[in-house]
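Take a look at the structure below.
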Amino acid sequence: MDRCVVLVDAGYLLGAAASLLAGEPARSRITVDHTALIKGLRDRAEADTERPLLRIYWFDGAPDRVPQPEHRRLRVMPRVTVRLGALTRSDGRWAQKGVDAAMHAELTELARNRACSDIVLVTGDGDLLPGLMSAKEHGVAVHLWAVQAADGDYNQSEDLVAEADERRVLDRTWITQAVRAKELGGPCASSSEPRPEIAAILSAPLPETAAAAAAAAAGSQTSRPTGRNGTARPAPAGSTSTDQRDADSAAATETTPADGTAGSGSKGGGVPTPKDLAGLGRPGAAALGAAGSQPPQPVATATLRWSSDKGWVERGTAAATGEPSETASLPMLAQLTTAEQRWADREEDITAVSGDPFEVGQVFARRWIERLSDSVHVQQLSTEYPRIPHRIDGELLRYAARFGLLAHKDDQIDEHDRYAIRAGFWREIDTRMAVDHAPAVQ
């Protein structure tokens, strides 16, 4: 058949591209426009082989062979088939298992069945040498493509290079049409320092400490920090109060819903005033304060539950958990979503949402806001910053889990990712608040 097929080793292609553009082979250091990349591969293959494209096979590894967001986007593209091997962690490094075997099997099967006249291999793995030689014996022309090496040397097996019928190099100019190095200071960059939005969530006071500070400022001689149940506890003379220790430990402990699937609620449960929030970089809250609409302060018993050494803290009624009646009545996204919208959401998740934790939080918040019939719910939620009511927070984290953000050792979302998800959620809420309270242009 006078057609061409492209077999892509994604680990090689994207790892080599990261080395070339970012100086290290970590794929987390680059962003990829998969639509542009697939189009570039197709155009280049048809031009080099002078044959129409039959199909692009994308071989990659994934934990437990579960498709990641990029795989879900790729496999719905025309003429693209995704084949997944396992991704395992050994000695602190991730390694693909079964990808080269799957490529070898596909290569030999295509050649044996005479499904194409030309095969393009984008790989550097010498383990494919027997498959390449077998394809040649069946009369198939094999084109081997390399990614330009950062040091100018080969990044492919020399035996593979020697056996290929044709060889091309995808240079920096071609790669940068679809791949970019991430900026270290960008919203998706990996850094040991939290983003400003995350820092704001972490620095917000707990209700216990906020209540204690307010009581001290009022000159109360008998006030003490309240406990988790909202009642005062006596503190032994000369010692740190139990509630202060609780507050300190709560600042380092994540919350989790009763089902134990993921954390619930942001760290800290205090609610800064609009003036405070303006200092924390929350434009929506700043606009709210500027408009003169001061949100009501929560009661001291609206505390945030957290997990304990004995297991997850069970949540009961709104009163038992300290959930204010205002936020307990907030509708969940599932309650606001029709069957048609649910289908459209799934389509958008597959084709457009990158899976970055910050973006995931923004997408969830945008949908929630757009489907509310009463904007007062957004104002009610804003007064809870940085605490997301646990029902909505649990739904948010379950939604985020669809994007492969689980830490596979314990099926929970990584702590830093949870902060980023919630920070993205609040950024979208703030953006809407800023728009709603912006002064009208005369």
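Values in this text are rule-based calculations from the coordinates and carry no lab data. Predicted, not measured: the structure shown is a model, and the values here were computed from it.
A few points about this structure:
- Amide H contacts of Ala146: Arg168, Val169, Leu170, each under 5 Å away and 5 or more positions distant or on a separate chain (H built 1.01 Å from N in the peptide plane; Pro and chain starts excluded).
- For the range 349-431, the fraction of C-alpha pairs farther apart than 14 angstrom is 61 percent.
- Under-5 Å amide H pairs with Arg3, H placed in peptide plane, nonlocal only: Ser117, Asp118
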